[in-house]
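For reference, the structure is listed below as structure tokens.
Just so you know, all these numbers are worked out from the coordinates, no wet-lab data involved. None of the values given here were measured: they were computed from a predicted structure. Virtual Cβ from ideal backbone geometry, glycine too; neighbours counted across all protein chains shown.
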Amino acid sequence: MLIESKRPRVVTDTNVFVSGLNFAGKPDEVLELLIRGEIDVIISPFILSEIERILRERFEWSEGNIHRVLNRIERQAILVHPQCKVTVVKGKDDDNRILECAIEGKAQYLISGDKKHLLPLKEYQGTKVLSPSEFLKLLLL
């Protein structure tokens, strides 16, 4: 018998991972929740490869550091392989891959800093779309 976790099921957008790994602030606090096992983070191969690409190209992380971080994320997150296709976000197809991960992983929350495409959705197929600060406030209630 499978025991359901009482922790929130969360998809963390690439921008939250990258910000949290490089700077102090709310995204960093969200990643701390993952590290401490206080939230169940759902991730997909697309999100992992996007994190890898951005850390390498924009932040010039070494291959060793990228490999260590990705391994840690993979060990602590729940990896899903989305089967559905979404075309809700016009103009930035990558964000549709994030929504697909949320659907496949049955996420309660999608945490994003994307004010142009994802945050305006507020909710998509039962997944609430929140900024890191909104999510952290919600957890404190």
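Here are a few things to note about the model shown:
- Non-local Lys pairs in the range 15-141, i.e. 8 or more apart or on different chains, that have alpha carbons under 22 Å apart: 26
- Under 5 Å from the amide H of Ser131 lie the amide H atoms of Ser112, each residue being 5 or more positions distant or on a separate chain, with H modelled from the backbone and absent for Pro and chain starts.
- In this Cβ point-charge picture (+1 for Lys and Arg, -1 for Asp and Glu), the chain has a dipole of about 260 debye about its Cα centre.
- Efficiency of FRET from Cβ geometry, Asp93 and Glu57, R₀ 25 Å, rounded to 0.05: 0.85
- Those trypsin sites (Lys or Arg not before Pro) in the range 10-94 that DSSP places in a loop and that have at most 11 other beta carbons within 10 Å: Arg36, Arg58, Lys85, Lys90
- For the range 9-140, alpha-carbon Rg and Dmax in angstrom: 13.6, 38
- Label-to-label distance, Ser133 versus Ala24, with points set 7 angstrom from Cα along the beta-carbon direction: 1.7 nm.
- In nm, spacing of pseudo-spin labels at Glu123 and Leu79 (7 Å Cα→C-beta vector): 3.3 nm
- Cleavage-rule hits, chymotrypsin sites (Phe, Trp or Tyr not before Pro), the range 59-141, DSSP coil, Cβ neighbours within 10 Å at most 15: Phe59
- Beta bridges per DSSP with both ends in the chain, % antiparallel, nearest 5: 15 percent
- The distance linking the range 85-107 with the range 52-70 is 24 Å (Cα centroid to Cα centroid, whole angstrom).
- DSSP-assigned coil residues among GluC sites (Glu not before Pro) in the range 1-80, each with at most 15 further Cβ atoms within 10 Å: Glu4, Glu38, Glu60
- The range 29-141: relative contact order as a whole-number percent, Cα under 8 Å and 6+ apart: 21 percent
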